[in-house]
Amino acid sequence: MATAVHRNASLSVVSCGGFVLVGFGGGAEIQALLFAVFLALYVVTVLGNLTMIVVITLDARLHSPMYFFLKNLSFVDLCLSSIIVPNALANIFSSSKAITFAGCATQFFFFSLLAATEAVLLAVMAYDRFMAICNPLRYPVTMCPMTCARLVLGTFCVGCLNSIVQTSLTFQLPFCSSNRIDYYFCDVPPLLRLACADTALNELVMFGICGFIIVCTVLVVIISYGYITVTILRMHSASGRHKVFSTCGSHMTAVCLFYGTGFVIYGQPGGVTSMEQGKMVSIFYTLVIPMFNPLIYSLRNKDVKDALRRLGQRHSLVKESGWCHHQKLC
């Protein structure tokens, strides 16, 4: 394996040879079961998020700020799973399980970008609900299309800044102890374990940035929903309260799932105690949460269910008209 001298005179055995993603242990039967489960979850994730994107794009009644943010959330979830799961599936039956140094850095860059983007986007969605429920008269002006586009762009900018800092600090380390990553994708905690240099600065930066993002976004969510709760309790209409609780309940479910798993690994010093625990937790935010988000928002949202029904009826009418036209020609 080719080697390269790091600037601090340490040897890096990974610079040209790349890494090996160990993945999950177990025999052939366990690996086959993992492949089937991962594939099924990924297919549901892709279909669910693509459906949300298509339905919100095609149905004019869903062209509002809330669904604009939801469409972007589906896009982020779809991309987040797609940069991790296909490679993990390919590695399950691969004999080498290899990933190049550049490939590992690229995967980590986009994973870090999308994870931070989703964290901030969930806070933006909470702010949107606050404006819609607590300031309905100002809502159309405050959350105009230009403002919504800027907010989404801002979430991606925060994610990109986080990713640039994390990636540059992580991949300038010398990895001379081993090239075997005890994980199923390239992430900070397992990579830091391979470094043969002091990683205190990296851990401090990871804790600082991730902790700052989590604390700030959680504060936005808590304050927004605090005001929303007070407003709901003042409502005289039971049906109005039920509709608001239904919409906000979907968002709070998504927020708790995402922030909870993110905090376990990145938001506290030391993170999880073992890589096996880390793998289990990371499955949630790389696969389970992206799969559940469209289900949460569609099953608990009457507008989305109505839009799906209208899209299905439109598709049936198109098929029937095409069949009738074919019969006339015959």
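The values are calculated or read from the model by the stated rules, or taken from the named source; none is laboratory data. Being a predicted model, the structure only gives us computed values, none of them experimental. Neighbour counts are summed over all protein chains in view; Cβ atoms, including those assigned to glycine, are modelled from backbone coordinates with ideal geometry. Protein only, heavy atoms only, side chains kept; ligands, DNA and RNA dropped before computing areas. Shrake-Rupley method; radii C 1.70, N 1.55, O 1.52, S 1.80 Å.
With respect to S168, determine if the residue is assigned to a loop (DSSP other than H, G, I, E, B), among the hydroxyl-bearing types (S, T, Y) and surrounded by fewer than 17 Cβ atoms within 10 Å (Cβ to Cβ). Against the criterion (assigned to a loop (DSSP other than H, G, I, E, B), among the hydroxyl-bearing types (S, T, Y) and surrounded by fewer than 17 Cβ atoms within 10 Å (Cβ to Cβ)), S168 does not qualify. Scan segment 107-140 for residues that are over 22 Å from M66 (Cα atoms), surrounded by fewer than 22 Cβ atoms within 10 Å (Cβ to Cβ) and among the hydrophobic types (A, V, I, L, M, F, W, C) and the total you get is 3.
Hey, can you tell me all the residues within segment 82-106 that are open to solvent by less than 30 Å² (accessible area, probe 1.4 Å) and in contact with a Phe, Trp or Tyr (Cβ under 6 Å, 6 or more places away or on another chain)? So that I can check it myself, show each step before the final result.
Just the residues of segment 82-106 that are open to solvent by less than 30 Å² (accessible area, probe 1.4 Å), to begin with: 84-85, 88-89, 91-92, 99, 103-105.
Residues satisfying the conditions are I84, V85, A88, L89, I92, I99, C104, A105.
Quick check on A238: is it surrounded by fewer than 16 Cβ atoms within 10 Å (Cβ to Cβ) and either at pLDDT below 80 or in contact with a strand residue (DSSP E or B) (Cβ under 7 Å, 6 or more places away or on another chain) (or both)? Yes. Has segment 193-202 got at least one residue that is charged (D, E, K, R), at pLDDT 85 or above and assigned to a helix (DSSP H, G or I)? The answer is yes, given that some residue of segment 193-202 is charged (D, E, K, R), at pLDDT 85 or above and assigned to a helix (DSSP H, G or I).
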